[in-house]
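The values are calculated or read from the model by the stated rules, or taken from the named source; none is laboratory data. Quick caveat: nothing in here was measured; it's all calculated off a predicted structure. A quick note on method: Cβ atoms are made from the backbone with ideal geometry, for glycine too, and the neighbour counts reach across all protein chains shown.
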Amino acid sequence: MSINGEKILVSVVVPVYNSSGTLEELFTAICDSVDPGEYNLEIIFVDDHGNQESWKQLEAIKEKKPDLVKIIRLSKNFGQNSSTLCGIDHSKGDLVVTIDDDMEFHPKDISELLKKASENGSDVVYGVFNKAPNKSFRALGRRVLFFMFNKLENGATIGSSFRLIRKNIVEKIRHHNQDHLFINQIISWYTADIDFVKVEFQQRNDNQSGYGFGKLLNIGLKLIFHYTSFPLRLIIYFSFLTAIVSILFATYYFIQKITVGTQSGYSSLIVSIFVATSIIMLGIGVLAIFVNRIYNSRIKRPNYSIKKIK
C-alpha cells in the first residue's frame with residue numbers, strides 16, 4: 001500500500017510498565033505483523049516509569065534496531081492512557097496502532113487492523129475479543145461499564161486499547177489538553193467511521209491483569225464524571241422526584257390536619273430533616289466534582305512528563 005508511490009508509515013505505540021518478560025517477544029511479533037513490502041514501520045515504546053529491568057531491555061532493543069525503534073521514559077507513573085497518548089504525540093505515521101505490552105492482544109492481529117482500514121477507509125479500527133476472556137466479576141463489571149457509557153453517550157463506544165487510528169484523527173487528539181483525557185472517548189467525539197475486528201484473547205503467563213476491580217471502578221467513575229453530564233442529570237431528576245414526594249406528603253398531612261385534627265409527629269419531622277440534608281449534601285458533592293473539573297481545565301495539568309527519549 002502506498003500514497004503517491006510511497007509506502008504508508010505505520011507507527012506502533014506500546015505503553016510499557018514492568019513487562020520485561022514480554023518485550024522481546026512483543027517486538028519480534030510486531031515486526032513480523034507489518035508487511036515491509038507494503039508498509040514502513042516505526043515502533044514507539046513508552047516506559048511508564050516502571051522498573052529498571054524493562055527500561056534496560058528497551059535500550060537493548062533500541063541498540064539492535066536504532067532506525068526502527070524510539071523509546072521514551074516518563075518521569076513518573078502516569079498510567080496506561082497517558083503513556084499511550086505520549087506515544088501518539090511522538091508518532092509520525094499515517095496510521096497509528098496502539099497495543100498493550102502484556103500481549104493479551106497479539107501483535108499478529110495488527111495485520112487484520114491494517115486490512116480492515118484499507119478495505120473500508122475507516123478512521124479508526126478496534127480489535128475486540130471474539131468472546132469474553134473469562135466470566136469473573138471483573139469481566140462482568142467491565143461489560144456493565146461499557147453498556148452504561150454507551151447509553152449515557154448516545155451510542156458512543158469505549159472500544160479497546162488495541163486500535164488503529166488514522167493521522168487526521170491523531171491530529172485532533174493532539175490538540176486536546178485536559179485532565180483525565182481518555183483516548184477512545186476523544187475519538188468518539190470526532191468520528192463515527194469506526195470498524196471492529198474480532199481477535200483471539202491471548203492468556204497472560206501470570207494469569208493476572210494489570211487492571212483489577214479497583215482500577216476499573218476508578219476508570220469507570222472518571223469516565224462518568226469527566227465525559228458525561230449524567231451525575232448532574234441524576235441530581236435534577238432526583239430533586240424533581242423528591243419535590244413531588246414532598247408535595248404529596250404535605251398534602252396528606254394538610255388533609256389529615258383539616259379532617260382529623262391530628263398533628264404530624266416528631267418522627268416525620270426528623271425523617272424529613274435527614275432526607276432533605278442528604279439530598280443537599282449529595283448535590284453539593286456532585287457540584288464539587290464538576291467545579292474541580294473546571295479548576296483542572298484552567299490549570300491545564302499535563303497528561304505526562306518525559307524524563308528520557310532515545
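The figures follow:
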quantity: Within the range 34-57, considering residues that are outside any strand (DSSP E or B) and under 25 Å from the mean Cα position of the chain (by Cα), the one surrounded by the fewest Cβ atoms within 10 Å (Cβ to Cβ); calculated: Asn51
quantity: Residue within the range 298-307 that is at pLDDT below 70 and over 20 Å from the mean Cα position of the chain (by Cα) present; calculated: yes
quantity: Single residue of the range 21-33 satisfying the filter (closer than 17 Å to Lys64 by Cβ and buried (at least 17 other Cβ atoms within 10 Å of the Cβ)) that is modelled with the lowest pLDDT; calculated: Thr22
quantity: All positions within the range 82-106 that are assigned to a helix (DSSP H, G or I) and more than 12 Å from Tyr17 (Cβ to Cβ); calculated: Leu85, Cys86, Gly87, Ile88, Asp89
